[in-house]
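Values in this text are rule-based calculations from the coordinates and carry no lab data. Nothing here was measured: the structure is a model prediction, and the numbers come from that model.
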Amino acid sequence: MTLTTTVIAAIGFLTAAVFCGWRGAQPSNPAKGPRMIPWRPMMMLAAVGSLMMLVHLANLMGVQTGR
């Protein structure tokens, strides 16, 4: 991936993590029925994706991670 696509993906994952965290923090409304979207696991997946993109961005900048 190029630098541009990595930055766009990182921003997208970070935005998704913030949105899913906000939606997961909303109180449930039993009158409307159960929640059909698991917001907390989606937030964690998006946070992991953003972390992976940030590490990839660091690698593109020349920082060596790993061995």
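One table, with the values for the structure above:
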| read-out | value |
| --- | --- |
| Highest-fluctuation residue, Ala31, Ala17, Ala46 considered, GNM on the chain with Cα pairs under 10 Å | Ala31 |
| C-alpha long axis of helix 3-25 to longest principal axis of the chain, angle in ° | 20 |
| The stretch 1-49: relative contact order in percent, alpha carbon pairs under 8 Å with at least 6 residues between | 49 |
| Value of [θ]222 nm, deg cm²/dmol, for the chain, DSSP H segments ≥ 4, -39500 (n - 2.57) each, nearest 500 | -23500 deg cm²/dmol |
